[in-house]
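> Let me give you the structure first, and then I'll get to my questions.
Since every read-out is calculated from the coordinates, none of them should be taken as a lab result. Note that the structure is a prediction, hence the values are computed from the model and not measured. Positions of Cβ are backbone-derived with ideal geometry, glycine not excepted, and every protein chain shown enters the neighbour counts.
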Amino acid sequence: MATLSLDLRERILSSYDKGEGSRDEIAHRFQVSLGMVKKLLQQRRHTGCIKPRHHLAGRKKLIVAAHRMAIRQHLKGKPDMTLAELRDALGLECTLPAIHYVLVDMGLTYKKRRSALPNKNAKTSAKRAASGSASKAG
């Protein structure tokens with residue numbers, strides 16, 4: 001649904017203020033919903049402004065700039081923190097993927113690496129089996 005122009009918003013409120021009808025009649029006259037008229041009146045009463053407020057709509061971010069700075073500090077001190085440890089250290093109540101997306105957005109890679117070097121003496125693969133024809137010759 002398209003946003004109402006500022007001019008139309010002003011005409012709706014002006015008509016209401018002049019007492020040219022009830023909210024329902026004004027909504028019908030300007031071909032908007034009754035809810036829109038109610039929202040305009042409420043917005044003007046609470047904020048004193050009737051401009052569109054789309055930038056305030058939607059879900060608010062849980063991880064803000066202060067959290068991002070804290071994430072960098074925690075990861076400098078302990079770079080192998082798990083996502084759950086990082087969430088607990090920050091005191092956030094968000095999902096682990098949310099923290100992962102923030103790390104990606106910050107350009108930080110998150111890859112768990114072994115803390116010890118692999119053993120050079122241990123076998124890494126099984127011994128190769130003899131070919132099929134050699135086992136039949138016996």
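> Which one of 36, 14, 54 is farthest out on the positive end of the charge dipole of segment 13-62, using unit charges on Cβ (Lys, Arg +1; Asp, Glu -1) and the Cα centre as origin?
Of the candidates, 54 comes out farthest on the positive side.
> Rounded to the nearest angstrom and ordered from largest down, what semi-axes does the equivalent ellipsoid of segment 65-105 get from its C-alpha gyration tensor (root of 5λ)?
Working from the Cα gyration tensor, I get semi-axes of 14, 11, 10 Å.
> For segment 9-117, run through the GluC sites (Glu not before Pro) and keep only the ones in DSSP coil with at most 13 other Cβ atoms within 10 Å of their Cβ.
Within segment 9-117, the qualifying GluC sites (Glu not before Pro) (loop, at most 13 other Cβ atoms within 10 Å) are 20, 93.
> Suppose every K and R has +1 on its Cβ and every D and E has -1 on its Cβ; what is the size of the dipole of segment 1-102 about the Cα centre, in Debye to the nearest 20?
Dipole magnitude for segment 1-102 comes out near 220 debye.
> Just subtract the alpha-carbon distance of residue 42 and residue 105 from 0.36 nm times their residue separation and send over the number in nm, one decimal.
Gain on stretching residue 42 to residue 105: 18.9 nm.
> Segment 1-100: which trypsin sites (Lys or Arg not before Pro) are DSSP loop and have at most 14 other beta-carbon atoms within 10 angstrom?
18, 53, 59, 60, 61
> Would any residue of segment 1-33 have its amide N under 18 Å from a label point 7 Å out along Cα→Cβ of residue 57? List them or say none.
1-10, 32-33
> For the pair residue 30 and residue 10, how long in nm is the line joining their label points, each one 7 Å along Cα→Cβ?
1.2
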